[in-house]
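Since every read-out is calculated from the coordinates, none of them should be taken as a lab result. Computed from a predicted structure; not experimentally measured. Every residue, glycine among them, receives a Cβ derived from its backbone with ideal geometry; neighbour counts consider all protein chains shown.
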Amino acid sequence: MSLSRVLLVGGSGFIGTHVAARLSARGIRVIVPTRRRERARHLLPLPTVDVIQMKLDGPALDAAIAGCDAVVNLVGILQGSYGNPYGREFAQAHVELPRRLVQACRQAGVRRLVQVSALGVSEDTASLPSMYLRSKADGERVIRESGLDFTLLRPSVVFGPEDKFLNLFARLQRLLPVVPLARADARFQPVYVGDLADAILNCLTRPATVGKTHEIAGPEVFTLGEMVAQVGRWSGHPRPIWALPFTLGQIQAGVMGALPSPLMSTDNFDSMRIDNVASGPISPDLGVTPTPLAAVAPAWLSRHGSRFAEQQARAHR
């Protein structure tokens, strides 16, 4: 499929930044809608990227999609208010936004839509243990029933230099003498952000991915405890990991979820009841070879140790 113009929804975020860079490198015009232009200022140097401050509804969205060859939706949230089957924020981000994008695509005559969902989602929504997963599943259903040329991607937890996952645990181990960890035995198969971005780009150009749902994960499976311990070693300040019993872990998640900027929530805790592990190898249609965590993560995690050493030296001058 030939591409000249793509609407990248959620393009100012961690994953979107890498996708925008790859599209721009191909000379493709990228439209990145955002409610606050300031959040996307890091994209402005990319020569073919247009950042538009707008709300993702109404005529502005219709106008942004008009003339595009494809739409990529990366929008996702990890926390939101409680509801049954999910709260308002999850409904807006994971279900209503995809529905609005489908409507705008139909109106503009845009056929191609790539939606990034999450590993652990299944079509049996009622069996899913968290609001996050249930809302992602309903969002997938909207896409499947759209009649568009869609591809659904289900990544495991995504890591990279700017991630909020490995870097968070590096910071915590820099500050804490011991890391109390809920769901330490939860299993993940982390995928490198560069591999996910390449897969998204390949989906846009490979007809074989149309109408498919693809899992995408890295080459290795870790427990959460194993990952956190490895992050501590790579960042230069390893700490003992205290695997919390179920009840204490649930309490920890509830307390952290009540913070102004939650690091975790009870819904995140519930999500980890399902292993974040792919059912098989990456489809060759995605055109990526998964990158091992150890091949790239130590390079940026070691900077946490360097910054800590610098801070300590300044404190003792």
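Below are the figures for this structure:
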| read-out | value |
| --- | --- |
| Normalised per residue, the volume of the convex hull around the Cα set of region 2-155 (Å³) | 105 |
| Region 77-174: radius of gyration over Cα atoms, expressed as a fraction of 2.2 N^0.38 Å | 1.22 |
| Antiparallel %, DSSP beta bridges [both residues in the chain], to 5 | 5 |
| J(HN,Hα) series, region 162-177, from Karplus relation 6.51 cos²θ - 1.76 cosθ + 1.60, nearest Hz, glycine and proline x | 9, 5, 9, 10, 5, 5, 4, 5, 5, 5, 4, 6, 6, 9, 9, x |
| Anchor Lys212: aspartates and glutamates whose Cα lies under 12 Å away (excluding residues fewer than 8 positions away in-chain) | Glu140, Asp149, Asp285 |
| Rounded to the nearest 20 debye, dipole of region 1-84 from Cβ charges on Lys, Arg, Asp, Glu | 240 |
| Percentage relative contact order, the chain, counting C-alpha pairs under 8 Å, at least six apart | 17 |
| Average Cα contact separation per residue, region 232-284, under 8 Å, 6 or more apart, as relative contact order % | 20 |
| Relative contact order for region 80-203, counting Cα pairs under 8 Å that sit 6 or more residues apart, in percent | 25 |
| Sum of side-chain charges, His18 neighbourhood, beta-carbon under 14 Å (Lys, Arg +1; Asp, Glu -1) | -2 |
| Hits among lysines - C-alpha to C-alpha of Lys164 under 21 Å, sequence gap 8 or more where chains match | Lys136 |
| 10 Å Cβ shell holding at most 16 others, DSSP loop, GluC sites (Glu not before Pro): longest site-free stretch of the chain | 1-122 |
| Contour excess over end-to-end distance, with Cα ends at Tyr82 and Thr247 and 0.36 nm allotted per residue | 57.4 nm |
